[in-house]
1. Hey, rough spin-label estimate for residue B:598 and residue A:15, points 7 angstrom out along Cα→Cβ, what's it come to in nanometres?
2. Using only Cα atoms, what is the ratio of the radius of gyration of the stretch A:183-284 to 2.2 N^0.38 Å?
3. Other chains' Cβ within 10 Å of B:536-545 residues: what's the mean?
4. Quick one: what Rg and Dmax do you get for chain A from the alpha carbons, in Å?
5. What number in nm² do you get for the stretch A:307-425 if you take the convex hull of its Cα atoms and divide its surface by four?
6. Once fully extended, how much extra length lies between residue A:2 and residue A:23, figured as 0.36 nm per residue of separation less the alpha-carbon to alpha-carbon distance?
7. Extent of the stretch A:21-99 along each principal axis, from alpha carbon coordinates, in Å, largest to smallest?
8. Going by Cα centres, the stretch A:436-503 and the stretch B:1-56 are how many Å apart?
């Protein structure tokens, strides 16, 4: 039977991906590193990024050890209690080990992404001096190192643990034991994204406020002491942070989908449980081809080249997905139901279409071709206040379309699942799981495009700071602008997949509770504690956003003070006769960002634990009110999180591009072009600055928060059961 | 038995309140109207406000007729269908009549509030020329006209309809038939608050942006053509809008609590159904005493005087509440359960304490004595961007404390209800209903304090525009500043009561569905359509906020264009030699605000109808998925609404007071006072302008939206049942 070969195939493809990633990395590192003055800047960026990551990882390691000890302690002490005993033998060390491996893999994924990107920036810059295509390929292939590694490691982790724990013989218990892997990944991702997000925006806002506004020097001007910190920030926020974010997504969703597969064991046997892994592995193969296909003519929009690669990846991933459906979702002998596989394939296609719809909606709300961004630019005519009002209005508005898409996708995928299996128990939910898998199939390529962003951004900064010829700058500017688009699209994709996956993870949680207690619970908002759980979940999202935003403000304040001090104490900096102390700025942002990431991180981790405990004992009446209230916290928190993240990502992106629209020279008032340095431009700069912590700190951290809520409740479910 | 006399007592107290209100109005109107130049301004305000209201009411009347026809049509066509037939004979005309009367009462309540306030402004201004106490009393008593009328009319409406429809004989059906009253009130309130809110902020933002920012003239300067429109706005937004808002609250919550009382008929008989009315009536008596108690020494903070009145009102209301509990919540002969009334009283006290906690939290987040507002002022040092970031962070943060309070109150009140009745069915929910009644007992006094705000604001404007002596201006400034505080407190109170009442109204809806279908439904988020309903409910809040904010921007743009036109075409205006055309500005804002209020209003009304219908037919599986999805929309929408309204109200208030803090001369940078016209002040003005549509348009409209969602689902419940 094919099923027995699935794990070897999945693990084999994962290893192959790592080999290809290593090959790509070698290829990138072999490229020319340009002129000495460029290397000097790139070295500073590299050192800063590595220093930040090593300090950040030390903090995260400490927190992870505490978390691991808590998990171990709880499971060990209660190992004979029925709830835990139900989860199978050795659960106490297995869950803990999964957590530790998940945390480690996440850290490694983030590190590798950044390792390559801080070396690819200078090589992309050097390549841009001769060929646009060469620069594009270096940046994308460096991004692919990150994309392939992240997805391959999540498959190796989940597949490996499943195999190692004997999942092929004990399919009922093992998926519950490896939920720790997802939680470990979320735990590290939360702090990585928070720390990186705070770092990048504190440096950016600090550099802009003193440099652009007070001193009147342009962006990326080497006289600005915070400019290196700003470039470091792109790497630690976008590369390391987003890498950990998407690693977490793929890990959590693999585990969640496998748990849902258990319910369909009578129908598909092991095939239904292993399907998510195979579909994802085929997606890896598709990505490898897609990345190698990309090449771009000198006179072409680089975005078109990237889109061709995306299209190839998507088509191949779809074919692989169909193959996985027809190979694995086969009724076992004696299956009680007839399976219509075309509906399962349809669910996968719904997932892919949802990804496209999200990308399209994100573009509509964040590109200046369309009404929303233009309305913000228009509003800038009457000053910063109307710019902000209009940007917030766009941000709130842009939740509508994605929610309608996600609602339709959920309903349709659910219907597909039911139709495919004649309404067998768990079939509707499995339909939504399949749609999620479809959406995530081309994930590695998307991540490669995302990492492309900070690499080209850095390359542009290096060219600018080392004062290379205008023609080169134009090339890196073109790449940089494409990088901005891909970064925005990835965020749309990430929130879309988080939204679709959320339902999968809720269901996995409820399935887990059902497996432990032997009876299904609902999440009935008419019960007071459950309603209160939901209310607290939504509030958690608001307070977490506040903390993340404030953290940027606090850390930026430190940068501002330091830059002012350097300008004041060393007049040679502004005159261009002496160099600013970049390293000190990098150091100061590092300390500030790490200090500020702890409070929001702990809030996110501790809130669900507190609610679960509280209502376990305090809940009125009988039933599993602890588990049910936590589920409400999770579900309503996810709803609020999806909405807030959309507001923050798209609102921030729209403000950014409203400023760019005015700078582009296309913006006219009464027929006259109004551009840089005009009053509307100044107003738009205010909006852009407000949007920065929205789109690069709070928004991305909310993606992680949503998934963390799911994985933490998965791990702690037995805790909340009476 | 006492119960038979309850309705006459309630109606008698209501009529007495109207008489006292008329007496107060006569007293206010008899006061001196000051100098001719003051009267000229006040006449302009009065005309503008009346013109707006009459046009607005015409639009709302039109929409109401359509809604009434739709309700009548639906109930009439389906009058023999089981669902409707279950609601009792004559339901079709009774629900419609209730709707029409509710709508009419709401309009009248709003009109009376504004009628007195636009006449009290000049009289308060005139009194301020001689005595602070006299001015305070006139403003508060004028406010009390509105407060007493609103609450008395809601009691007359609900109590009268109950009596007229024969509720004393048919307690099972009549409460369901008068839900239309609540919906009528909500329907009018939504458009009144939206239209008024858009008007007031469009005029304010428009006047500020051209006057203060472009022309450099101070606030309330008579040369600004939009200044009268701005003063009109205070009346139509704060008086008429808030009056309709609180009328709706009291009406909806009376009906909801009566429906919950039905479930306890076996225990309390009619007493449990009539209790909400009697508690509220005693609150009216307490308010009358409280208002007459208020007097203030010339050297005293007027806020202390108002607080004394509030304290007296609260204590008396508590005594009345206790009397109502001990008189009405008496077990009937043969009652199956023992009643511990002290727990019911305790639930009421929890409600009162919740009101206090909300008022205190609102003060903490919006007054410049405390950290949050000061942090915004600090952030203004680095410009408008950091001011905005910091204000948004405060806004998001300030959801935490109120949610914890409301969660604790809900849980505790629920527990009290259960403890009082030994866990009898419906007892926990009745506990939350009693807490809500406790919170709303001093409602009329709160509303009086709220209306005090725009009256003193107007009085200040009249004194300023007619260039009265500085000493008088100082007095009106003191009153105005107290008015700002009371306005902020009322918003905290309104959102707190909406949050507490929300659960009551959900439960009433579910009880209604249960009465119609004969079986209880839950609201189980694990079902896909129910989750989607919840997701759509939260999204509705975001999109509605966006539309409300954008409406202000659009309407303000029209004002800006008009003011610029007047300045350009008539140079004499700025020179002070010729008068601007105030009336044209008033006219333009009126047209703009009315046009802009329609889209968000219709979205709010139609969204629950659409979802209910959609899932009734589209829902997967069996059960009442239409009704259940709408309930999820309602509940998750309410959660999101409470949070967003809190963000908007408190964020806006905090921005406002950060600006005032800098203006106060207490704000120092490095030990040096930094005040008006400084760079931080300019940054703070941007924040204040952004906060305007938050706190006076979107936030208050969200209070109404929350309750509208409840009342519309109550009325349309039979529609969503298969």
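No lab work stands behind these numbers, since they all come straight from the coordinates. As the structure is a computational prediction, the values presented were derived from the model and not from experiment. A quick note on method: Cβ atoms are made from the backbone with ideal geometry, for glycine too, and the neighbour counts reach across all protein chains shown.
1. Spacing of the two 7 Å Cα→Cβ label points: 6.9 nm.
2. Values: Rg = 21.2 Å, N = 102, 2.2 N^0.38 = 12.8 Å.
My calculation over the Cα atoms of the stretch A:183-284 gives 1.66.
3. Details: counts 5, 1, 9, 13, 3, 4, 12, 8, 2, 7.
Per-residue shielding by partner chains comes out at 6.
4. When restricted to the Cα atoms of chain A, Rg and Dmax are 24.8, 84 Å.
5. Details: hull surface 38.2 nm².
One quarter of the hull surface, i.e. the mean projection, equals 9.6 nm².
6. Details: separation 21, 0.36 × 21 = 7.56 nm, distance 3.05 nm.
Here the segment from residue A:2 to residue A:23 would lengthen by 4.5 nm.
7. Its Cα atoms span 66, 28, 11 Å along the three principal axes.
8. 63
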